[in-house]
1. Which of the residues that make up region 57-66 are open to solvent by 50 Å² or more (accessible area, probe 1.4 Å) and assigned to a loop (DSSP other than H, G, I, E, B)?
2. Is it the case that region 190-211 has a residue that's of a type outside the set (S, T, N, Q), in a helix (DSSP H, G or I) and at pLDDT 95 or above?
3. Mind checking which residues of region 120-137 are more than 15 Å from residue 186 (Cα to Cα), open to solvent by 50 Å² or more (accessible area, probe 1.4 Å) and in contact (Cβ under 8 Å) with a residue 12 or more places away in the chain?
4. Against the condition among the charged types (D, E, K, R) and touching a residue at least 12 places away in the same chain (Cβ under 8 Å), how does residue 212 come out, does it pass?
5. Of all residues being in contact (Cβ under 8 Å) with a residue 24 or more places away in the chain and assigned to a strand (DSSP E or B) in region 138-166, which is most open to solvent (accessible area, probe 1.4 Å)? Just the residue, please.
6. What number of residues in region 77-111 are in contact (Cβ under 8 Å) with a residue 24 or more places away in the chain, open to solvent by 90 Å² or more (accessible area, probe 1.4 Å) and basic (Lys, Arg)?
7. Among the listed residues 221, 200, identify the single one that is under 27 Å from the mean Cα position of the chain (by Cα), small (Gly, Ala, Ser) and surrounded by 19 or more Cβ atoms within 10 Å (Cβ to Cβ).
8. When region 166-198 is examined, which residues are found to be out of contact with any Gly (no Cβ under 9 Å at 6 or more places or on another chain) and over 30 Å from residue 131 (Cβ atoms)?
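The values are calculated or read from the model by the stated rules, or taken from the named source; none is laboratory data. Note that this is a predicted model, so its numbers are computed, not measured. Cβ sites come from the backbone with ideal geometry, for glycine too, and all protein chains shown count toward neighbours. SASA here: full protein model, heavy atoms, side chains in, ligands and nucleic acids out. Shrake-Rupley method; radii C 1.70, N 1.55, O 1.52, S 1.80 Å.
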Amino acid sequence: MHRNATRTAVRTLACAAVPMLLVAGCSSDSGGDDSARPSPSASASSASPTPAPVKFTALPDPCKTLSGDTIGDVVPEAKKKGKNLGSKDADGYGTCLWSGLDDYQYRALTVSLKRFDSDVTLGSGSERAADYAGQQVAAVSQDEENKKVKDAPLDGVGDQATSIAFETERKDGKKTEEYREQRVVAITGNVVVTVDYEGAGFETGKTPKAEDIRENAEKAAKEAVKAVK
């Protein structure tokens, strides 16, 4: 009996001396404590959230969004290939400019494309595109140099579109020229297409009609949106 008591005391001291992480090994239950192990469902719930899929993962060349015929109609005497204003991120942003002067009638057109990826902290690509489109529309009225601003929804262009008409004046030396302008902002999936079109009559040329500027801008916007694939 004395020998068994001595062995029991030695075993108790040994268990007290080992690190806390090994105490379970000194118990009579060799299986350990299962409650300390993460359950499969707990592991799955701790996985990082995945960004929502987007409709478009790339953008077309903005200078190829409009046909030569459209450029000829909208911007007479402009170079059909346009001027690519360049971007460090061609898949995320791009702008092309066409401008021409035909018998004192000046016209300029830009097509800008901006694509958004989904971000778990910022929102889906389509949500981010909608926010940016709203900013593009609001920017026209926020510019104090723009006068007679009128905006209206434009049906049949992308998922949603707004057409904004306005006027502005610019000084050229001692002369002040009156410009009529139109901006069309369209959303298609996670891409925003912004078309800016302006016209002026220099020297003996007359200021273009607001209706003509609107029709040409909307014509270009419809074609540019269809080019996003």
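1. Across region 57-66, the qualifying residues are 57, 61.
2. Yes, region 190-211 contains at least one residue that is of a type outside the set (S, T, N, Q), in a helix (DSSP H, G or I) and at pLDDT 95 or above.
3. 120
4. Here the answer is yes, as residue 212 does meet what is asked.
5. 160
6. Count: 0.
7. 221
8. 169, 170, 171, 172, 173, 174, 175, 176
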